[in-house]
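S.K.: The following block contains the structure, expressed as C-alpha cells.
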Amino acid sequence: QVQLVESGGGLVQPGGSLRLSCAASGFIFSTQTMRWYRQAPGKERELVASITSAGSSTIYLDSVKGRFTISRDNAKNTVYLQMNSLNSEDTAVYYCKARWLDYWGKGTLVTVSS
C-alpha cells in the first residue's frame, strides 16, 4: 500500500533552517510529481512546493519563494524540502503527497519560535 513518512520537523528559532524528508513506498515514485503541503493551526492546508517526476520543474508558494527548495532522489524514493530563513508564519504541520494519489502521511510538525 502507499506509504508516505515525513520527518525532520522540530522547533527552530526565527531565521533558522530545517530540512524535511518524505520517504515514499507502495507506488512508482519516479513517475509521480511530488508535493509538499502545510497546515497551520486554524487554517486550511496549502500547497507549498511541487516537483515534477524527473525533478526538472518546480513551483513554490509565493511566500516561500527564495527561502524553500524542493528536491528529490528517485533512487531513494525520497522528496525533500529545505527550509531557510524560517519565520513564525511557517509554523505548521508539513505533509508530502504524490500529486495524483489520494494518500497522506501523518506529517511532521515545524514550529518556529524564539
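The values are calculated or read from the model by the stated rules, or taken from the named source; none is laboratory data. Given the structure is predicted, the values throughout are model-derived calculations rather than measurements. No Cβ is skipped: glycine too gets one built from the backbone with ideal geometry, and neighbour counts run over all protein chains shown. What goes into the accessible areas is simple: the full protein's heavy atoms, side chains included, and nothing from ligands, DNA or RNA. Shrake-Rupley method; radii C 1.70, N 1.55, O 1.52, S 1.80 Å.
S.K.: Give the residues of region 88-106 that are surrounded by fewer than 17 Cβ atoms within 10 Å (Cβ to Cβ), in contact with a strand residue (DSSP E or B) (Cβ under 6 Å, 6 or more places away or on another chain) and under 19 Å from residue 14 (Cβ atoms), sorted by residue number.
M.R.: 88 - this is the single residue of region 88-106 that is surrounded by fewer than 17 Cβ atoms within 10 Å (Cβ to Cβ), in contact with a strand residue (DSSP E or B) (Cβ under 6 Å, 6 or more places away or on another chain) and under 19 Å from residue 14 (Cβ atoms).
S.K.: I'd like to verify a number: residues in region 20-31 that are open to solvent by less than 20 Å² (accessible area, probe 1.4 Å) and in contact with a strand residue (DSSP E or B) (Cβ under 7 Å, 6 or more places away or on another chain), how many?
M.R.: The total comes to 3.
S.K.: I'm trying to understand the selection: among the residues of region 84-102, which are assigned to a loop (DSSP other than H, G, I, E, B), in contact (Cβ under 8 Å) with a residue 60 or more places away in the chain and within 16 Å of residue 61 (Cβ to Cβ)?
M.R.: The answer is 84, 85, 86, 87, 99.
S.K.: Applying the selection to region 66-78, what residues are in a loop (DSSP other than H, G, I, E, B) and open to solvent by less than 70 Å² (accessible area, probe 1.4 Å)?
M.R.: 67, 74, 77
S.K.: In this structure, is residue 63 in contact (Cβ under 8 Å) with a residue 12 or more places away in the chain and closer than 17 Å to residue 10 by Cβ?
M.R.: So residue 63 does not fit the description; no.
S.K.: Residues of region 34-48 being under 21 Å from residue 72 (Cα atoms) and surrounded by fewer than 18 Cβ atoms within 10 Å (Cβ to Cβ), which ones?
M.R.: Listed by number, the residues that qualify are 46, 47.
S.K.: Got a sec? Which of 81, 109 is assigned to a strand (DSSP E or B), aliphatic (A, V, I, L, M) and open to solvent by 40 Å² or more (accessible area, probe 1.4 Å)?
M.R.: One residue alone meets the criteria, 109.
S.K.: Sticking with this structure for a sec: Looking at 63, 17, 53 in this structure, which one is more than 12 Å from the chain's Cα centre (by Cα) and either buried (at least 17 other Cβ atoms within 10 Å of the Cβ) or closer than 17 Å to residue 105 by Cα (or both)?
M.R.: 53
S.K.: Right, residue 33: in contact (Cβ under 8 Å) with a residue 60 or more places away in the chain and of a type in the set (Val, Ile, Thr) or not?
M.R.: When the stated conditions are applied, residue 33 passes them.
S.K.: Tell me yes or no: at least one residue of region 39-51 is in contact (Cβ under 8 Å) with a residue 40 or more places away in the chain and among the acidic types (Asp, Glu).
M.R.: Looking for residues that are in contact (Cβ under 8 Å) with a residue 40 or more places away in the chain and among the acidic types (Asp, Glu), one finds none in region 39-51, hence no.
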